[in-house]
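Data block below; observations after.
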């Protein structure tokens, strides 16, 4: 049986390598072993020393504009859900907003992690997001609950620990 996959969407351009990978690595570890986190940064160790990642790198096949677009669209298309982390974004991430559109068009559930006053706040993003929460841990919890029962048994206590949050 294949593991459920979750695309880890969020800002990359303008961040250093650690800033683009730290939350994705954390989410992947928290979701494992039952859910596979799919990072758009996988296979891009050549960006390790970048202090401000550019929107594309023509000399790197995975980071050309066409390479980024093709792989990210395929990742959203083939995943089971999208965890979109926009916490602390300083500027609008156009690529992530396109991924939100793809996810909606492909009918992939979106768990949006965003704080009040975030530059991305928009009614259309709110509308396409199935869940909106203010912390990454809450977003990870929702992703886990989407797939409970598909790969492991949970106790009644774990099932009853689900939280409910009003949309921001």
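No value in this document is a laboratory result; all are computed from the given coordinates. The structure displayed is predicted, hence computed values, not measured ones. As a convention, Cβ positions derive from the backbone with ideal geometry for all residues, glycine included, and neighbour counts pool all protein chains shown.
Taking the condition outside any strand (DSSP E or B) and either under 14 Å from the mean Cα position of the chain (by Cα) or within 20 Å of residue 112 (Cβ to Cβ) (or both), does residue 22 pass? I'd like the intermediate steps shown before the answer.
On the way: outside any strand (DSSP E or B): yes; either under 14 Å from the mean Cα position of the chain (by Cα) or within 20 Å of residue 112 (Cβ to Cβ) (or both): yes.
Spelling it out, residue 22 is indeed outside any strand (DSSP E or B) and either under 14 Å from the mean Cα position of the chain (by Cα) or within 20 Å of residue 112 (Cβ to Cβ) (or both).
Suppose we keep only residues that are in contact with a helix residue (DSSP H, G or I) (Cβ under 7 Å, 6 or more places away or on another chain) and assigned to a helix (DSSP H, G or I) within region 27-45. Which one would you say is surrounded by the most Cβ atoms within 10 Å (Cβ to Cβ)?
Residue satisfying both the conditions and the ranking: 27.
Within region 87-100, identify whether any single residue is surrounded by fewer than 19 Cβ atoms within 10 Å (Cβ to Cβ), in contact with a helix residue (DSSP H, G or I) (Cβ under 7 Å, 6 or more places away or on another chain) and within 16 Å of residue 4 (Cα to Cα), and answer yes or no.
No, the conditions are met nowhere in region 87-100.
Please go through region 1-24 and pick out each residue that is surrounded by fewer than 15 Cβ atoms within 10 Å (Cβ to Cβ) and under 23 Å from residue 94 (Cα atoms). Lay out the reasoning, then the answer.
Keep residues of region 1-24 that are surrounded by fewer than 15 Cβ atoms within 10 Å (Cβ to Cβ), which gives 1-2, 18, 22.
Listed by number, the residues that qualify are 18, 22.
Of the conditions (1) within 26 Å of residue 128 (Cα to Cα); (2) surrounded by fewer than 19 Cβ atoms within 10 Å (Cβ to Cβ), residue 48 fails just one. Which one is it?
(1)
Tell me whether region 18-26 contains one or more residues that are in contact with a strand residue (DSSP E or B) (Cβ under 7 Å, 6 or more places away or on another chain) and within 27 Å of residue 147 (Cα to Cα). Reasoning before the result, please.
As a first pass, look at region 18-26 and keep what is in contact with a strand residue (DSSP E or B) (Cβ under 7 Å, 6 or more places away or on another chain): 23-24.
Subset that is within 27 Å of residue 147 (Cα to Cα): 23-24.
So far as region 18-26 goes, yes, one or more of its residues are in contact with a strand residue (DSSP E or B) (Cβ under 7 Å, 6 or more places away or on another chain) and within 27 Å of residue 147 (Cα to Cα).
How about region 52-85: which of its residues are touching a helix residue (DSSP H, G or I) at 6+ places or on another chain (Cβ under 9 Å), outside any helix (DSSP H, G or I) and touching a residue at least 24 places away in the same chain (Cβ under 8 Å)?
53, 54, 55, 79, 80, 81, 82, 83, 84, 85
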